[in-house]
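The values are calculated or read from the model by the stated rules, or taken from the named source; none is laboratory data. Here the structure is a predicted model, which is why all the values come from computation and not from measurement. Note: ideal-geometry Cβ built from the backbone for every residue, glycine included; neighbour counts use all protein chains shown. Each accessible area value is taken on the protein alone, full model and side chains, heavy atoms only, with ligands, DNA and RNA left out. Shrake-Rupley method; radii C 1.70, N 1.55, O 1.52, S 1.80 Å.
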Amino acid sequence: MSRLQWIVVVSSLILFALLYFGFDTKPSQQKQIEASRELAIESTDVSILMRSAKDQLDAQTLSSIKIMEQQLELESADSLKIETFKQLSGAWYRSDQLAIAGHYAEEAANIEDSEESWSIAGTTYAICTQRSTEDKVREFCVNRAFKAFENAISINPDNVQHKVNLALVHLETQNPMTGIQMLRNLNQENPNNVLVLMTLARQAIRTNQLERASERLLKILSIESENKEAACLLADIYTQLQQTDKIQQYKSICQS
C-alpha cells in the first residue's frame with residue numbers, strides 16, 4: 001500500500017473518531033417480539049465478549065468498570081442510566097474493546113433516542129468493523145452500525161453525514177459496491193457537498209484511481225479554494241503521477 005493510500009485509511013479512521021467523545025409498516029407487537037429476540041441474542045454475545053475482555057484488563061480499569069456496573073444496577077432514573085452507559089462506553093473504548101463500547105453507547109441511545117446518540121453508537125461500531133480481527137465480532141459490529149446509523153437517519157434524514165457513515169460501513173463488508181453506489185447517489189443529490197466529494201476521492205485513492213480522485217479533489221477546491229486536505233491529497237497524487245508542474249501549486253495551499 002502506498003503512502004497516499006495509508007493517509008486515506010488513517011483519514012477514514014479520523015473521520016469516524018471525530019464523532020466519538022422512514023417509514024415503519026410492521027405492527028408494534030411484532031416489532032416488540034423481534035426486538036426482544038434480537039436483544040436476547042446480542043446480550044449473550046456481549047456477555048461472552050465482556051467475560052473474555054475483563055480477563056485482559058488491568059486491575060485499576062477492571063475495578064472502575066465494576067463500580068460503574070454496580071452503580072448502574074442501583075439507578076432508576078433514565079438520565080443517570082444514560083450517563084453511566086456513556087461512562088462505561090468510554091472506559092471500554094479506551095481499553096480498545098470497541099464492540100463492548102458500542103454496546104453501551106447503543107444502550108444510552110436506546111433511552112436518549114437522539115440523532116447524536118445514535119450517531120455516536122454507529123461511529124463506535126464502525127471503528128470496530130475497521131479494527132476487529134475476529135469475524136464474529138466484526139459481523140456483530142457491522143450489523144449494529146447499520147442499525148444505529150439508520151436510526152440517526154430516520155431522526156434527521158437531511159443530515160448527509162449519517163448517510164456517508166452508513167455508506168462507509170457498507171464499504172467494510174463483503175459487498176462494498178453497495179457503499180460505493182450509496183455515495184454516488186449522494187453525490188448526484190448533493191453535487192457540491194464537500195464531505196461526499198472527499199469521501200469519494202478517498203475511496204478512489206484507496207483503489208488507485210488517481211485521475212478519478214483528482215477530479216473530485218479539484219471540484220472541492222473549486223468550492224472551497226483553501227481546503228487544505230484536498231490540496232494535500234492532490235499534491236501527493238501529482239507526486240505519484242510525476243506531474244511536477246502541478247505539485248507546488250497545491251503544496252502551497254497544503255502548507256499555508
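Looking at Gln87, is it part of a helix (DSSP H, G or I) and modelled with pLDDT under 95? It is false that Gln87 is part of a helix (DSSP H, G or I) and modelled with pLDDT under 95. Looking at segment 97-167, the helices (runs of 4 or more DSSP H) lying wholly inside it that each contain 3 or more residues that are under 22 Å from Met198 (Cβ atoms) sit at 115-131, 135-155.
As a summary of the residue check, Leu80 satisfies the conditions (1) within 28 Å of Thr173 (Cβ to Cβ); (2) assigned to a helix (DSSP H, G or I) except for the one numbered (1).
Residue-wise test of (1) closer than 19 Å to Tyr93 by Cα; (2) open to solvent by less than 30 Å² (accessible area, probe 1.4 Å); (3) small (Gly, Ala, Ser).
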residue	(1), (2), (3)
Tyr125	yes, yes, no
Cys128	yes, yes, no
Arg131	yes, no, no
Val137	yes, yes, no
Arg144	yes, yes, no
Asn156	no, no, no
Gln161	no, no, no
Val169	yes, yes, no
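Using the structure shown, decide if Glu34 is at pLDDT 95 or above, more than 30 Å from Ala231 (Cα to Cα), surrounded by 11 or more Cβ atoms within 10 Å (Cβ to Cβ) and out of contact with any strand residue (DSSP E or B) (no Cβ under 6 Å at 6 or more places or on another chain). So Glu34 fails the test.
Please tell me if Gln87 is crowded, with 16+ Cβ neighbours inside 10 Å, within 17 Å of the chain's Cα centre (by Cα) and polar (S, T, N, Q). Here the answer is no, as Gln87 does not meet what is asked. Within segment 62-77, the set of residues being assigned to a helix (DSSP H, G or I) and out of contact with any Lys or Arg (no Cβ under 8 Å at 6 or more places or on another chain) comprises Ser63, Ser64, Lys66, Ile67, Met68, Glu69, Gln70, Gln71, Glu73, Leu74. Here are some residues: Gln181, Gln161, Gln174. Which one is among the polar types (S, T, N, Q) and modelled with pLDDT under 95? It is Gln174. Mind checking which residues of segment 199-218 are in contact with a helix residue (DSSP H, G or I) (Cβ under 6 Å, 6 or more places away or on another chain) and open to solvent by less than 70 Å² (accessible area, probe 1.4 Å)? Thr199, Leu200, Ala201, Arg202, Ala204, Ile205, Leu210, Ala213, Ser214, Arg216, Leu217, listed by residue number. Residue count for segment 110-143 satisfying the condition of being over 17 Å from the mean Cα position of the chain (by Cα) and at pLDDT 95 or above: 4. Taking segment 219-251 as the range and being of a type in the set (Gly, Ala, Ser) and either open to solvent by 60 Å² or more (accessible area, probe 1.4 Å) or part of a loop (DSSP other than H, G, I, E, B) (or both) as the test, the residues that pass are Ser222, Ser225.
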